[in-house]
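The values are calculated or read from the model by the stated rules, or taken from the named source; none is laboratory data. From a predicted model like this one, the values you see are computed outputs, not experimental measurements. Here the Cβ positions follow ideal geometry from the backbone for every residue, glycine too, while neighbour counts run over all protein chains shown. Protein only, heavy atoms only, side chains kept; ligands, DNA and RNA dropped before computing areas. Shrake-Rupley method; radii C 1.70, N 1.55, O 1.52, S 1.80 Å.
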Amino acid sequence: MSLNSFGHLFRVTTWGESHGPALGATIDGCPVGISVDKEMIQLWLNKRKPGQSKFTTQRREADEVEILSGVFDGKTTGTPIQLMIRNTDQRSKDYSDISETFRPGHADITYWQKYGIRDYRGGGRSSARETAARVAASGIARAALKTLAPALKITGYMVQMGKHQIDRANFDLAEIEQNPFWVPDAKAAKDWADYLDHIRKSHDSVGAVIEIVANGVPVGLGAPIYGKLDSDLAAAMMSINAVKGVEIGEGMASASLKGSANADEIFMGNDNKPVYSSNHAGGILGGISTGQDVVVRFAVKPTSSILTPRKSITKSGNAIEVVTKGRHDPCVGIRAVPVGEAMMACVLLDHLLLHRGQIGEGKSGQIG
């Protein structure tokens, strides 16, 4: 199986399976001399790890990261960085009943059709457990960004669960880490708790929409035509398990706007730099960052592993009803928030390094 890597200069390769002994990431291309410590990476992994509330899978994993190479005396050496996370709470027996069965909504059937073999223990390589490796890698990316672009800040949150959306009038960034849904709306968090509790107890699941915003992004990241920043961001977010749609800025809603409303007008600011009247473009024009907030949203489908019986077939083609046992998220979108942040960090660092390699520093066009 190929294509387990993403990125150009900052390149991440993830490895491991859901029920194997460990999983992790190999990072190539990280700049030399970046301050890195295990606790800093662990901070981000703790945001993603399971079992933190009744609304996520009760699989109990410490998700403790180990740095095996590429860091010496707290600094990156420029050599490949190897990160490992051991699996400690696998229950492979939960999946023995489906070893000959394809679960609806899962990659079981396509993996079998393509490779003629599949790891039925939690989905193996196709499990969302793989995203722990991405989040660990993003700890390295965030450390590099802190040095190279100190004004940059990445914030993710949920804006929709099922049919329920946040009220933007109640938007409060301080609320994001005060509830189990990473939602910036205190009232929505309360309402969604009751809603998801009902979904969970009815043996069903629900989808979500996540918004990731990067503030303080330097101007000029991305390149035409096949190196667009938004193209790589879209690919990165779409690669996350269960993601079925990605949009930048106004996204799909831009189809309903007139050109006079959608085009962000440009003015000269007090600091003699361009400012924009709005941000329908999501901080990217022609695939190149404008200096505004980069705004990405992605839709996560409902968790396919549910206790409600669903019709399927076996490897022999026989009809069967499937009930997926085990410990699963009633809304996988909750733990997708730190994963979306992670992919934003990795892509932005990659493009920052590409920009520096092609243009250098302080050599781009100036206005004013």
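Find the centroid of the Cα atoms in the stretch 160-231 and in the stretch 291-338, then give the distance between the two in whole Å.
17
Pull up the cross-link candidates among the aspartates and glutamates for LYS311, meaning alpha carbon to alpha carbon under 16 Å and not fewer than 8 places away within one chain.
Partners within reach: ASP97, GLU100, ASP108, ASP204, GLU321.
Quick one: Kirkwood hydrodynamic radius for the chain, alpha-carbon pairs, angstrom, one decimal?
Working: mean 1/r = 0.0459 Å⁻¹.
The answer is 21.8 Å.
Just to confirm the number: angle between the C-alpha axis of helix 186-201 and the first principal axis of the chain, 0 to 90 degrees, nearest 10?
Here the helix axis deviates by roughly 20 degrees.
How large is the translational diffusion coefficient of the stretch 139-242 in µm² per second when you combine the Kirkwood radius over alpha carbon pairs with Stokes-Einstein at 25 °C and 0.890 mPa s? Could you put the intermediate results ahead of the total?
On the way: Rh = 16.1 Å.
For these conditions, the coefficient is 153 µm²/s.
Could you name the lysines whose alpha carbon sits less than 20 Å from that of LYS244, not counting residues in the same chain fewer than 8 places away?
Straight-line reach from LYS244, under 20 Å: LYS163, LYS301.
Tilt of helix 333-359 relative to the longest C-alpha principal axis of the chain, in degrees (0 to 90, nearest 10)?
40
Fully extended, how many nm does the chain gain between ALA151 and ALA62 (0.36 nm per residue separation, minus their Cα-Cα distance)? Intermediate results must be reported in sequence, preceding the final value.
Values: separation 89, 0.36 × 89 = 32.04 nm, distance 3.12 nm.
Full extension of this stretch gives 28.9 nm more.
Could you tell me how many cubic angstrom of Cα convex hull volume the stretch 61-163 has per residue? Please list the in-between numbers first.
Values: hull volume 18.9 nm³, N = 103.
Here the figure is 184 Å³ per residue.
Over the stretch 143-267, what is the relative contact order in percent, taking alpha-carbon pairs closer than 8 angstrom and at least six residues apart? If you can, show how the numbers build up before the last one.
Values: 112 pairs, mean separation 30.1, N = 125.
Taking the mean separation of contacting Cα pairs over the length of the stretch 143-267, I get 24 percent.
Tell me the accessible surface of HIS106 in square angstrom (1.4 angstrom probe, heavy atoms of protein chains only), to the nearest ten.
50
What is the stretch 79-226 by shape, rounded, prolate or oblate, if you read a ≥ b ≥ c off the alpha carbon gyration tensor as root eigenvalues and call it rounded for a/c under 1.5, prolate for a/b larger than b/c, and oblate otherwise?
Working: a/c = 2.07, a/b = 1.21, b/c = 1.71.
Cα axes put the stretch 79-226 in the oblate bin.
Just need the relative contact order of the stretch 200-331 here, percent rounded to a whole number, with Cα pairs under 8 Å and 6+ apart. If you can, show how the numbers build up before the last one.
Working: 236 pairs, mean separation 48.8, N = 132.
That works out to 37 percent.
Roughly how tilted is helix 38-48, in degrees to the nearest 10 and between 0 and 90, from the longest Cα axis of the chain?
60
Computed over the Cα atoms of the stretch 206-287, what is the ratio Rg over Rh, Rh following Kirkwood?
1.00
At a Förster distance of 51 Å, what's the computed FRET efficiency of GLU177 paired with ILE320, Cβ-Cβ distance as r, to 0.05? Walk me through the numbers before you get to the answer.
On the way: r = 43 Å, r/R0 = 0.84.
After rounding, the FRET efficiency stands at 0.75.
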